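Here, each number is a calculation from the coordinates, and none is a lab measurement. As the structure is a prediction and not an experimental result, all values here were calculated from the model. When we count neighbours, we look across all protein chains shown, and the Cβ atoms used for this are built from the backbone with ideal geometry, even at glycine.
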Amino acid sequence: MNANENTIIKFYTAFANADFKTMSECYAKEVHFRDPAFGTLTGEQVTMMWKMLLERSNGNLKVIFSNCKANEFSGSVQWQATYLFSKTNRMVINNISAQFQFKDGLIIKHVDEFDLYKWSKQAFGITGFLLGWTGFFQGKIQKNAQESLQKYIAKQEKN
C-alpha cells in the first residue's frame, strides 16, 4: 500500500466515523472538488461541504468504501453513502465512484460521480421520478445545494 492509498483510506475511514477534522487534513488547501449535486467547489468550500453534510446527518450516515487504488499521482475508490436526505426525510443509498489527484501526499482534486436521476428519485420520491432526469431539475438541485452551502459557511463565519 502506498502513501496515496493511505490518504484515501484515512479520508473515508474518517468520513465513516464522522471525523471532519481528519477528513479535512487529507486535502490540499487549493483542492478542487466536483460532483453532480454541488457542482464545482474549491478550497474551504470543499471541507465545509463535508462538515455541513456530517452535521446535517445527525449521526445517521453510513459510509462504506472499497476498491481503493492509487499511484504516485492519482487514485480511485468506490463508496456508498446511506442517509436520510434532510429536506424530505427520505432514505438515500448513493453509490459513488471517486477519482483523485494528489500533490505532496494530499488530495488536490476530488471528483465524485453518481447517477443524479437515481439519487433524485430516492431523495424526492415521485417528483424526482417525474422530473429528476431533466436538466432543469438537476440544475435546481445543484443551485439549492450551493446556496445551502453558502448559507452554512456564512453562519460558521459569524460563530
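As a proxy for reagent exposure, His32, His110 were ordered by neighbouring Cβ count within 10 angstrom, fewest first; the result is His32, His110. Comparing Gln146, Thr40, Phe15 along the charge dipole axis of the chain, the residue lying farthest to the positive side is Gln146, per the Cβ-charge model.
From the Cα gyration tensor of the stretch 68-159, with a ≥ b ≥ c the square roots of its eigenvalues, which class applies: rounded if a/c is under 1.5, or else prolate if a/b is larger than b/c, or else oblate? It is oblate, given that a/c is not under 1.5 and a/b is not larger than b/c. Among Gly132, Leu106, Gln78, whose Cα projects farthest towards the positive end of the dipole of the chain, with charges put on the beta-carbon of Lys, Arg (+1) and Asp, Glu (-1)? So the residue we want is Gly132. Of the trypsin sites (Lys or Arg not before Pro) in the stretch 87-116, the ones in a loop by DSSP (not H, G, I, E or B) with at most 15 other beta carbons within 10 Å are Lys87. The relative contact order of the stretch 93-159 comes to 19 percent, based on Cα pairs under 8 Å that sit 6 or more residues apart.
The value of relative contact order for the stretch 19-159, using C-alpha pairs under 8 Å at least six residues apart, is 24 percent.
Here the relative contact order of the stretch 41-113, from alpha carbon pairs under 8 Å that lie six or more residues apart, stands at 21 percent.
Taking Cα centre as origin and charging only the Cβ of basic (Lys, Arg, +1) and acidic (Asp, Glu, -1) residues, the dipole magnitude of the chain rounds to 560 debye. Listed values [x] 1.02; [y] 1.08; [z] 0.98 include one computed from this model; for Cα Rg over 2.2 N^0.38 Å that value carries the label [x]. Looking at the stretch 50-159, the chymotrypsin sites (Phe, Trp or Tyr not before Pro) that sit in a DSSP loop and have at most 12 other Cβ atoms within 10 Å of their own Cβ are Phe73. Under a 5 Å amide H cut-off, with hydrogens placed 1.01 Å from N, Val31 pairs with Gly43 among residues at least 5 apart or on other chains.
Divide by every residue of the chain the summed helix terms, -39500 (n - 2.57) for each DSSP H run of at least 4, and state the resulting mean residue ellipticity at 222 nm, rounded to the nearest 500 deg cm²/dmol. Here the helix-only value at 222 nm equals -14500 deg cm²/dmol.
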